[in-house]
Structure formats: C-alpha cells, structure tokens
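Report on the structure given below.
The values are calculated or read from the model by the stated rules, or taken from the named source; none is laboratory data. Worth saying up front: this structure is predicted, and the values here are computed from it rather than measured. Reconstructed Cβ throughout: ideal geometry from the backbone, glycine too, with neighbour counts over all protein chains shown. Side chains included, ligands, DNA and RNA excluded: accessible areas come from the protein's heavy atoms. Shrake-Rupley method; radii C 1.70, N 1.55, O 1.52, S 1.80 Å.
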Amino acid sequence: TLAIALMASLREESRLSDPLADLDPASTQGRLEPVELDGSPDELDTFTRDLLTDMNTVWDRMFSDSGMPHREATRVVFREFTDSGCGGADEDMGPHYCTTDEVLYLDQAFFDLLFERQEELESGALAEVWMLAHLVGHHVQEELGITEQVAELAEEESSRLAEALELQADCLAG
C-alpha cells in the first residue's frame, strides 16, 4: 500500500542524515538521569512542550530528508474537560490523539496518576515520555495517510487493524 511505501521511504531516507543532529546535545549524549516530576500543571505543560519540540525536530528532519512536508504535532494539556475537534475531551478518555484537528490531548489526571506511582515504578518520567511519543506516532500515521486507509476498509477489517495501528504507533514512538 501507499502507506507502507511511504514508511519505507522515510526509513531509507532518514539514514542520509542524523535526525537527532538538531537536538540539544544534553538530550542526546550519554546517559541522562531519570527526570523526577512533581506533577504540577505548569511542570507538565513545560515538560511536554519541551519533549514535543524535540520530537517534532526529529520528525521534521526525517520527513524533510524524504522530500515530504511535515506538520508539527501540537498538544493541549487539560484537566476534567476541553473542547476538541473530536467532540470534546474528558478525563475518562485519557491522553489521546484527535485526527480531526490533529492535536494531542494530554489529560492532567492521567499524568497525576503516573506522578503518584513514579517512585514505585522507579522509572523517572519514562511513562510520560513514552505516552507523548506514542501519541506523536499517531500524528505521523495521520500525516502518512495510514489512519485514513484503515478507516476506509470494511468494518471487520478496520477493527482487526485497529490493534495494528496501536502497535505501529508504539513502533514510531521508538
């Protein structure tokens, strides 16, 4: 399919240059200590903004090296409810990507739970980073037309491939 060809093109073309070259050297050299977050709304906003900036830099480079345009992912951090292109986002939905407005919606209550368990999990902010990268993976799927291709399939095929879309977003997350 077209999406598979585009993904193969991205993978091949990205070998031409280092997609991490434009990142802050502190984020790409050596082993970084786990980030400890206290879960405050301002901290989550700053943390996710900075992470998304680095992720967008990497994907921009990969798309550019492939001669393809790239729309940077954007995010909204919310508590309880916010309007979205998908009809609204609430804490029952948790963090998610809306294909209609191409925005990552980050539910503060979900991240509160992760912050509470951070010490128990001994992972620093790894879960928060993975969640954001996974949602960016869905944004990349949307840009490549993969999401639309799956949606156009017959209902039984679409439901079978929904799990594959989630696994592919994990793969794109790194």
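Compute the Cα gyration tensor for region 44-86, then decide on rounded, prolate or oblate, letting a ≥ b ≥ c be the square roots of its eigenvalues: rounded whenever a/c is under 1.5, prolate when a/b is larger than b/c in the other cases, and oblate in all that remain. Oblate, since a/c reaches 1.5 and b/c is not below a/b. Remark: region 56-128 carries 52 Å² of accessible area per residue (probe radius 1.4 Å; ligands, DNA and RNA excluded). With all protein chains in place and ligands, DNA and RNA left out, the 1.4 Å accessible area ranks PHE78, PHE110 as PHE110, PHE78, largest first.
Placing pseudo-labels 7 Å out from each Cα toward the beta carbon at ASP60 and ALA151 gives an inter-label distance of 2.6 nm. The apolar share of the surface of region 110-168, taken as the fraction of accessible area on carbon and sulfur atoms (1.4 Å probe, ligands and nucleic acids excluded), comes to 54 percent.
Remark on VAL77: its backbone amide H falls under 5 Å from those of LEU106, a criterion applied only to residues 5 or more positions apart or on other chains, H modelled at 1.01 Å from N.
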